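Each remark here refers to the structure printed beneath this line.
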Amino acid sequence: MDCNGYRQENHDQNLFPKPKVLVLEPPPVFIYHEEKLSQKFHFLKAWDSPLPLEQFLTTHAHSVQAILSHGSCPVTTNTIRLLPSLGLIVTTSAGLDQIDLQECRRRGVSVAYAGNLFSADVADIAVGLLIDALRKISAGNRYVTQGLWANNGDFSLGSKLGGRKVGIVGLGSIGLEVGKRLEPFGCNILYCSRNKKSSVSYPYYSNVCELAANCEVLMICCELNDQTRHVINKEVLLALGKKGLIINVGRGAIIDEQEMVRCLMQGEIAGAGLDVFENEPHVPSELISLDNVVLSPHRAVHTEETLMALVDLVIGNLEAFFSNKPLLSPVLLDE
Amino acid sequence: MNHQPTPQTGKEKNPNLKKISGLTMESIGVLMTCPMHKYLEQQLETHFNLFRLWHCNSSITEFLKTHQGNTIRAVVGDTNIGADAELIASFPNLEIVASYSVGLDKIDLRKCEEKGIRVANTPDVLTDDVADLAIGLILGVLRRICASDEYVRIGKWKDADFGLATKFSGKSVGIVGLGRIGTAIAKRAEAFGCSISYFSRSQKPFANYKFYSNIIDLATSCQILIVACALTEETRHIIDREVIDALGPKGILINIGRGAHVDETELVSALLEGRLGGAGLDVYENEPEVPEELLGLGNVVLQPHVGSDTVETSDAMADLVISNLKAHFSNKPLLTPVI
């Protein structure tokens, strides 16, 4: 496909040209819903071009006002600086660590994101990974499909979820949804967050290590930033203890992955359920060999329903921007 | 071990009301039908005179070749081997069947009632675990957790397009049987924003969920159908082709009841033909056999009957079995009597 937008045939668009939107790498929503998106916008596809990014930007995208990005697609200082007319970055992610927000702030570039759209889906998979890790559902499924039940007899016992103390790291939108879901399972919810939330009655801990020492499950639901990078370290894992489990639906780099692998191999913690990793799509080979670990390829938000809602949100945000209306899901950049 | 039989007073002339001391309890013959749980086996060994049916190829006939039938006064059965008419007839001194399960479908209750044999089971202690598994199966199927885990393990993350999963939150859940387990499942699903409806023998006055008196209507109205009722003559194959078709190509079936609740042949063909969206199964018609066609289907999660198989619950069930037996042989009320 020709990525030089100016030559695209579109007679109807001569009078009312579709706004141009730069896409560095295609987000999943683009892969599944390109047609719907392309009805409204003209996409400049940087990844499709033989030109290196800088050249593509200066040659074809110099006047572009909006970027469509996604969670693992960096929008760097350099990229932003090469686009003097940039006014908006729409990311399909809830996470923002891949965007140079400081540069956006400096330049007055607005950012729109997925907001709370994913919270239910992420909370669902966090609970799903927890039940799977404790009750060995994936491992049990393998046991059956490999013919071991008939030959080797009963599968090994799992561990009960009810009555466990569950520590939620980060009580934002996702953390709250996780807590809400786990309550009827008989879990006692504790949490650690930047600030104590007056609206919840869960016991609050001001630091992760203390939280870990007082619970048997850690649910990582926070964002990745300078304070949370490797916040789950050796000290925290050892505090969590030999019966402890860790579930990560945040970002891989929140956990010191090497240390976690070591703890799992040595039985310092009992198991893990992971949707994210430090260096996706690479998964440490030691984890592949473990039966007490459940591995998910960063799919916490990949449901049909949510992707449909996401297309509408992306379109809504872009349309709002191009018609000078308030964004539907803006990121508050003032700090 | 030497022990003297306790002297009988006038009050105790009724041979069924012997005063049993702890010492004498160890002489009471208890037959365990299957391996079930090591801790339970150890406790039975400690407190009673334990006989293991599987040491005789799990055959009553073989057992009777080397043992006197009248030594057995209690049977501890489970979901594999309970106490059917043949077993009951073989042990004329059988007083109590203590089942290591809450389900009673492997016990001939009518025969027990006829012969004045007590029956106890293990309700409540396993309710949470079974309900947790039901939710785990739903998420495993809808969100493709098990299939994704497999993809990652075989190194396909970089290559494969996994396609999209289905959202669980907010979906309509239909429960067949709103007993202890069905209610526990409903409470959990509610926290995911699901709408709950149910089919039961009768409407439950305190349940705030929509009641259907017809299982087809329930299956038509919901996307996730969960079997949580007891297995009886009425509920055998309650999930048949008609129900499966009503549930439909976007529907999923979760079975944490008994294999015989579902017409397994119909279930398999529906899944293969795409008339049913997916299934999460913990039980099968002929365990441990699982229909070959189901193995490796991406929209099916299979568990080896582990509904209550956690360390904590297995021990709690074992303790309940022992407590019921001790209570019976001390002339105290059973803790969890059925008959």
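From the Kirkwood radius over Cα pairs of the stretch B:154-197, Stokes-Einstein at 37 °C and 0.692 mPa s returns a whole-number translational diffusion coefficient of 261 µm²/s. Each DSSP beta bridge with both residues in the stretch A:163-228 is either parallel or antiparallel, and the antiparallel ones are about 0%. The share of accessible area on the protein assembly as shown that comes from carbon and sulfur is 48 percent, using a 1.4 angstrom probe. Calculate for chain A the 222 nm mean residue ellipticity that helices alone would give, adding -39,500 (n - 2.57) per DSSP H run of length 4 or more and normalising by residue count, nearest 500 deg cm²/dmol. Computed ellipticity for chain A at 222 nm equals -10000 deg cm²/dmol. FRET efficiency for the pair A:Arg229 and B:Glu287, taken as 1/(1 + (r/R0)^6) with r the Cβ-Cβ distance and R0 = 41 Å, rounds to 0.25. Using Cβ point charges alone (K and R +1, D and E -1), the dipole size of chain A about the Cα centre works out to roughly 640 debye. Accessible area per residue was computed with a 1.4 Å probe on protein heavy atoms; A:Glu25 scores about 80 Å². What is the calculated FRET efficiency for A:Val331 to B:Asn208, with r their C-beta to C-beta distance and R₀ = 41 Å, to the nearest 0.05? E(calc), rounded to 0.05, equals 0.55. In this assembly, the B-A interface accounts for approximately 4800 Å² of buried accessible surface in total, computed with a 1.4 Å probe and without ligands, DNA or RNA. Note down the relative contact order for chain B as a percent, whole number, built from C-alpha pairs under 8 angstrom at least six residues apart. Computed value for chain B: 16 percent relative contact order. At a probe radius of 1.4 angstrom, the accessible area of the stretch A:65-113 per residue rounds to 36 square angstrom. Placing pseudo-labels 7 Å out from each Cα toward the beta carbon at A:Glu286 and B:Glu45 gives an inter-label distance of 3.7 nm.
Using a cutoff of 8 angstrom between alpha carbon atoms and counting only pairs six or more residues apart, the relative contact order for the stretch B:108-264 works out to 21 percent. The stretch A:74-105 and the stretch A:281-335 have Cα centres separated by 16 Å.
Please report, ordered by residue number, every helix of chain B (full DSSP H runs) that is 18 Å or longer along its axis going by C-alpha atoms and whose mean Kyte-Doolittle hydropathy reaches -1.0. Counting only whole DSSP H runs, the qualifying helices are B:127-142, B:311-329. Simple spin-label estimate for B:Leu295 and B:Asn331 gives 5.6 nm between the two label positions (7 Å along the Cα-to-Cβ direction from each Cα). Karplus-based coupling profile of the stretch B:56-71, in residue order and whole Hz: 10, 6, 6, 10, 4, 4, 5, 4, 6, 6, 10, 9, 7, x, 7, 7, with θ = phi - 60° in 6.51 cos²θ - 1.76 cosθ + 1.60 and x standing for Gly or Pro.
A simple spin-label model places pseudo-atoms 7 Å from Cα toward Cβ; at A:Asn324 and A:Asn279 they are separated by 5.0 nm. Do any of A:Lys242/B:Lys250; A:Lys45/A:Lys196; A:Lys196/A:Lys243 go past 32 Å between their Cα atoms, and which? Beyond 32 Å: A:Lys242/B:Lys250; A:Lys45/A:Lys196. Computed from Cα positions, the angle between helix A:173-182 and the longest principal axis of chain A comes to roughly 30 degrees.
Going from the chain on its own to the full set of protein chains, the stretch A:140-155 has these residues losing 50 Å² or more of accessible surface (heavy atoms, 1.4 Å probe, no ligands, DNA or RNA): A:Asn141, A:Arg142, A:Val144, A:Thr145, A:Trp149. Restricting to the stretch A:182-335, compute how many DSSP beta bridges are antiparallel as a %, nearest 5. In the stretch A:182-335, DSSP labels about 5 percent of beta bridges as antiparallel. Rolling a 1.4 Å probe across the protein heavy atoms gives the stretch A:269-308 an accessible surface of 34 Å² per residue. As a calculated quantity, the FRET efficiency between A:Thr58 and A:Ser85 at R0 = 22 Å, using C-beta atoms, amounts to about 0.95. Of all DSSP beta bridges confined to chain A, the antiparallel ones make up roughly 5%. Relative contact order of the stretch A:190-245, please, whole-number percent, based on alpha carbon pairs below 8 angstrom and at least 6 residues apart. Averaging sequence separation for qualifying contacts and normalising by length gives 35 percent for the stretch A:190-245. B:Asp240 exposes around 50 Å² of accessible area when a 1.4 Å probe is run over every protein chain in place.
In the stretch A:179-217, the residues whose accessible area drops by at least 40 square angstrom when the other protein chains are added to the isolated chain are A:Arg181, A:Pro184, A:Phe185; the probe is 1.4 Å and only protein heavy atoms count.
For chain B, adding -39500 (n - 2.57) for each run of n ≥ 4 DSSP H residues and dividing by the number of residues yields -9500 deg cm²/dmol at 222 nm.
The values are calculated or read from the model by the stated rules, or taken from the named source; none is laboratory data. Owing to the predicted nature of the structure, the values given are computational and were not obtained by experimental measurement. Glycine also receives a Cβ, built like all others from the backbone with ideal geometry; neighbour counts cover every protein chain displayed. Calculation scope for accessible area: heavy atoms of the full protein, side chains included, ligands and nucleic acids excluded. Shrake-Rupley method; radii C 1.70, N 1.55, O 1.52, S 1.80 Å.
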